[in-house]
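Down below is the structure, laid out as structure tokens.
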Amino acid sequence: MANYLTPLSNDDKEPETFEFPEKTRHQVPNFMTKFKCIGSDCSDTCCNGWNVVLDKKTHYAYKNSDDPEVSAVAKHSIKTLKSERDAAAFSKMKLKENGNCPLMTDSGLCKVQKNLGEEFLSKTCNTFPRRTIKAGDITYLTAMMACPEATRLCLEDEHAVQISDNPEDVLSHVTNSKSLYVLKAPKISNRSKQIQFMMLEIFGDQSLTLGEQFTAAHITLEKFKKHETPLELPQLTSLSTNIKESCMQLRDALDPAQAAFFQFKTFNLVFFTEHTKWRENFKALIEKAKAGIHYQSNDGALAVGTYLAAKRDIFLPYDNDNRYLLSNFIKNELLGTLEIFIPGNPNAGDQLNEIAARVSAIRFLLICLSAHDYDGFGKQAYIDCISMVCRSIQYNPNVVAGISNYFSQKDSDLRVVNALLMS
């Protein structure tokens, strides 16, 4: 993995200080320089099922539009917010009964973009799936993986999430546009840069299992609470090595059958019960997952046994040869959750747990799907699972709240819980 941070020379005033190299100072993964909305060609359009909030400028632009199609929709389907209204969130679009945005044509195109041009899109529509954070003089640009096209690019190859050394064009569009949401954050400290360096290095180390990676990440956060000044490069390397070696010690103590049963028991409650109403395409994916492990047989032992066999014989061989797929996803989520890197952030551990919950949920469904389509199992299953799970969670954050709570139990051994869910 590329070294994202470079120590200053001994001639500098603060030899322990780390800086982003100038070419990669702005934290923009390679895949974000390629992203472009594919509109009606998208497999899961963002013009269906989302609550679109309009800013005040867009609200009146649509209400007063000379275009008869846009003004008609604005008259009947745009409703002013009654409470907590401000210039950024002034009104919202009332969706059709089928969940489609009333501005979407039968061919899947947006009437605003088609009739008026891209510059008239609302900030919400123009921003998604981009996630832009300006921290002092450094800009972080990542993507929300609820978008299938962003997910496809993120998983394109091993280099997709490496920091681009030529992000100027995409950054110019994002930072200079008044039609995009840009979040503001405090200037990134040297300790924050070191935490980021450690996190990306840990999740790029394929000698560690996913459980060991998340455990090492948590230990890293704890260690940096004790270091009030930035570490020098040899100290940082030594700390990373020691943390990873300690996390590997539990590997041989794991019982694969026990881990499989715990995973099945946990995610059965999340995905396979009828208490949550899923969108149609995600429901179809879940039905495939259930069929793959013979869930409908009402034989719990058969389902768990099939899950364990699929994990051992189909999923793990493929995943071990393509570790970058989930690794790319995790790194994108880390770079998009900048607060994790801030020393002293009391919520950093919980935010890391939320990422772990998403990854473990995605991984469970992937194992089930590998049993359903063992000959055709591959990257497309990862793209579908990641984008659909992330969209479901983004629309309903409570979907995997229970899994996050597993990781956050103060009286539990975090390493064991992580290993059981992620092994």
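Below, the figures for the structure above:
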item: Among residues of the range 306-344, those that are surrounded by fewer than 22 Cβ atoms within 10 Å (Cβ to Cβ), small (Gly, Ala, Ser) and touching a His at 6+ places or on another chain (Cβ under 9 Å), counted; result: 0
item: Top-ranked residue of the range 208-222 - restricted to ones that are closer than 18 Å to Arg358 by Cα and hydroxyl-bearing (Ser, Thr, Tyr), ranked as surrounded by the fewest Cβ atoms within 10 Å (Cβ to Cβ); result: Thr209
item: Residue count for the range 275-294, restricted to those that are over 20 Å from the mean Cα position of the chain (by Cα) and aromatic (Phe, Trp, Tyr); result: 0
item: Extreme residue, surrounded by the fewest Cβ atoms within 10 Å (Cβ to Cβ), among residues of the range 125-150 that are assigned to a helix (DSSP H, G or I) and not β-branched (Val, Ile, Thr); result: Asn126
item: Residue identified as modelled with pLDDT of 95 or more and either in a helix (DSSP H, G or I) or of a type outside the set (Phe, Trp, Tyr) (or both) among Leu171, Leu153; result: Leu153
item: Conditions (1) farther than 22 Å from Asn190 by Cβ; (2) at pLDDT 80 or above: number failed by Thr220; result: (1)
item: Pair list, Cβ under 7 Å, 6 or more apart: the range 107-133 residue farther than 16 Å from Ser71 by Cβ, other residue of a type in the set (Phe, Trp, Tyr) and surrounded by fewer than 21 Cβ atoms within 10 Å (Cβ to Cβ); result: Lys123/Tyr181; Thr127/Tyr181
item: Residue match in the range 189-207 (condition: at pLDDT 90 or above, within 30 Å of Glu118 (Cβ to Cβ), among the aliphatic types (A, V, I, L, M) and buried (at least 17 other Cβ atoms within 10 Å of the Cβ)); result: no
item: Among (1) part of a loop (DSSP other than H, G, I, E, B); (2) free of Cβ contacts under 8 Å to residues at least 60 places away in the same chain, the one test that Gln206 misses; result: (2)
item: Those residues of the range 232-246 which are within 17 Å of Glu212 (Cα to Cα) and of a type in the set (S, T, N, Q), in sequence order; result: Ser240, Thr241, Asn242, Ser246
item: The range 377-405, subset touching a Ser or Thr at 6+ places or on another chain (Cβ under 7 Å) and either outside any helix (DSSP H, G or I) or at pLDDT below 85 (or both), residue surrounded by the fewest Cβ atoms within 10 Å (Cβ to Cβ); result: Val399
item: Test set (1) part of a loop (DSSP other than H, G, I, E, B); (2) under 22 Å from the mean Cα position of the chain (by Cα) - Gly344 fails condition number; result: (2)
item: Every residue from the range 348-369 that is within 20 Å of Pro148 (Cβ to Cβ) and of a type in the set (Gly, Ala, Ser); result: Ala361
item: Residue in the range 112-124 that is touching a Leu at 6+ places or on another chain (Cβ under 7 Å), at pLDDT 95 or above and not in a helix (DSSP H, G or I) present; result: no
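Residues checked against (1) of a type in the set (Phe, Trp, Tyr); (2) under 15 Å from Cys125 (Cβ atoms); (3) in the same structural domain as Tyr395 (by TED's automatic domain parsing):
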{"site": "Cys42", "(1), (2), (3)": "no, yes, no"}
{"site": "Asn51", "(1), (2), (3)": "no, yes, no"}
{"site": "Asn64", "(1), (2), (3)": "no, no, no"}
{"site": "Leu81", "(1), (2), (3)": "no, no, no"}
{"site": "Ala87", "(1), (2), (3)": "no, no, no"}
{"site": "Phe90", "(1), (2), (3)": "yes, yes, no"}
{"site": "Gly99", "(1), (2), (3)": "no, no, no"}
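The values are calculated or read from the model by the stated rules, or taken from the named source; none is laboratory data. Computed from a predicted model, the values in this text were never measured in an experiment. Heads up, the Cβs are rebuilt from the backbone with ideal geometry, glycines too, and the neighbour counts pull from every protein chain shown.
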